[in-house]
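Worksheet: one structure, shown below.
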Amino acid sequence: MKMQSSKYLLGTASVLALLASSATVPANAGASSATKPIYFAGSTLASEAFRQILDCYTGGTVGFGFGATANDGYQFGGFPAPGHLPTTCTVSTVVNGLYAGVGSGNGTRGFIANNPQQWYSGSVTAGSVMTSTITTMFLPAAKPPIIDFSNTGSPATIFGSYPYPRVDVGMSDSPLAIATGATTLTTVSFTFTPAQSWSTTGGVAPAITVGTSTAVAYNPTTYGAPIQVPAFEVNVAIVVNTNGMTTVSGTTTISSVYSAVTGAGTTPGTQANQGAAIQLTTAQMCAIFSGLVTDWNDTTPNKVPYLDSAGTPQLGAFNDANKDPSGVAQPYSATSKTIRVVYRGDGSGTSFILTNYLKAVCPQISSTYATIFGATNLPSTSFATLIANINNSAVTSQWIAQTGSGNVASNVSTDATNSGRIGYVSADFSQPYTTNVPTAAGGDRHSTVFGSAAERTAAHRRHLCSGQHDTYNSGVHRADTGRCPQRVDRHPAAGAGHDLDLG
């Protein structure tokens with residue numbers, strides 16, 4: 001099976017500002033003893049990668065408690081392996097970086113306003129009161145940890161309290177952009193009571209009141225010109241829960257996903273065990289995210305547009321790619337099973353990358369997609385923009401909004417009760433890069449999908465299919481859009497493989 005990445009499902013995580021320097025010192029594996037802070041917030045897609053980078057930079061780990069096991073999931077030594085860092089990577093034992101995964105939208109909001117209180121998760125309403133239960137949903141994602149229990153610093157507000165004392169670095173997967181008619185970067189800033197100590201080593205504030213909202217503009221005179229530096233190339237994982245997508249053969253219940261590819265290894269969470277729980281073509285992706293196909297049982301002939309290998313428009317059934325060993329196309333589910341899209345409800349660079357991909361490829365497959373994906377309001381950090389373009393509430397009302405990659409992953413999950421759900425996350429929130437994939441319960445928006453053995457994948461590089469032009473985001477794509485294998489990762493069902501080929 002070819003392992004290839006779609007160039008449009010790859011994005012660039014950008015550092016919006018970086019205000020720290022360091023001196024080279026020997027490696028120090030263990031809990032951080034640093035004294036100088038640097039504060040990051042934004043993209044959840046980039047959050048685990050930067051937590052790894054910051055651990056490596058300092059030569060120590062941060063976490064929710066004391067001891068070697070109560071850290072952020074990384075440990076020094078045994079590299080390369082899931083959750084392991086090299087012991088030779090330390091640059092400074094003085095600087096400790098903290099990262100709050102609040103999404104690209106709020107990461108940019110805090111950066112433009114130069115106000116760490118704007119680094120909240122999700123969305124807020126002026127004048128509302130959040131009780132302790134709601135407060136935990138309002139705080140950044142649980143992973144990576146936003147404060148350091150092992151080294152709170154002196155005073156303890158340096159590393160042991162949130163919001164952070166200042167803004168140093170904002171992280172975004174979408175570029176900074178000045179709004180039409182504006183002359184500088186603008187955003188909306190909220191006031192909060194209390195202003196500090198929403199989360200400390202002693203617990204979470206019992207209630208937080210949202211005050212007023214004010215339009216603010218980035219002040220280059222005071223802060224200097226904004227700096228945006230590409231950090232690394234990242235890919236978006238398409239995650240699918242295939243648990244329960246079965247059929248009966250004789251007296252035996254078997255998987256009805258015949259495109260699954262078994263991993264080569266035996267250890268979960270490792271590169272060697274990558275496979276594919278399901279393979280979807282680009283044409284199928286367009287059909288799902290446009291609302292054209294809403295059931296894994298759909299076998300309607302001549303329904304899904306695609307381009308054949310000669311670039312000629314064709315129509316086929318949604319299940320054409322799901323052929324059994326005898327070569328006969330079978331439904332992905334023997335009975336009706338709703339395709340429920342789990343999407344980012346917050347401002348998200350991951351949504352920007354996904355909608356950029358869909359905008360690039362879907363209108364080339366069929367002109368019928370032009371009004372949905374080809375609209376000028378895409379790509380967008382707001383998935384709601386795509387939903388508005390679809391303009392079919394009967395379909396999209398069944399879709400599920402979540403905050404952060406971790407909550408999308410936990411709401412797709414591997415649990416049979418969520419069978420058929422599909423979403424998009426950073427690859428390190430999907431198997432095999434993490435082995436712990438819990439199921440969200442009771443609307444929990446901050447369930448973690450990262451275990452202590454979680455693995456950060458290196459940036460995936462682009463590989464081009466035959467006929468595909470090597471022009472990044474040029475709008476010139478391969479001649480056989482919808483059929484050329486492309487590799488992204490997906491959320492597997494238990495015991496399944498770990499890659500998804502969009503081909």
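The values are calculated or read from the model by the stated rules, or taken from the named source; none is laboratory data. Just so you know, these numbers come straight off a predicted model, no measurement behind them. Here the Cβ is made from the backbone with ideal geometry for all residues, glycine too, and neighbour counts use every protein chain on show. Note: accessible area is taken over every heavy atom of the protein model, side chains too, but ligands, DNA and RNA are not part of it. Shrake-Rupley method; radii C 1.70, N 1.55, O 1.52, S 1.80 Å.
At a glance:
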item: Heavy-atom SASA rank of E48, E233 (probe 1.4 Å, accessible area, largest first); result: E233, E48
item: Accessible surface, segment 366-413, averaged per residue in Å² (probe 1.4 Å); result: 37 Å²
item: Whole-angstrom Cα spans of segment 46-194 along principal axes, big to small; result: 52, 35, 28
item: Residue-level accessible surface for F232, protein heavy atoms, 1.4 Å, Å²; result: 40 Å²
item: Apportionment of accessible area to carbon and sulfur, segment 122-272, percent (1.4 Å); result: 58 percent
item: Two-site label geometry, N377 and D308: point separation in nm, points 7 Å out along Cα→Cβ; result: 3.7 nm
item: Restraint check, K303/K337; K36/K143; K143/K337; K337/K359, Cα-Cα greater than 24 Å; result: K143/K337; K337/K359
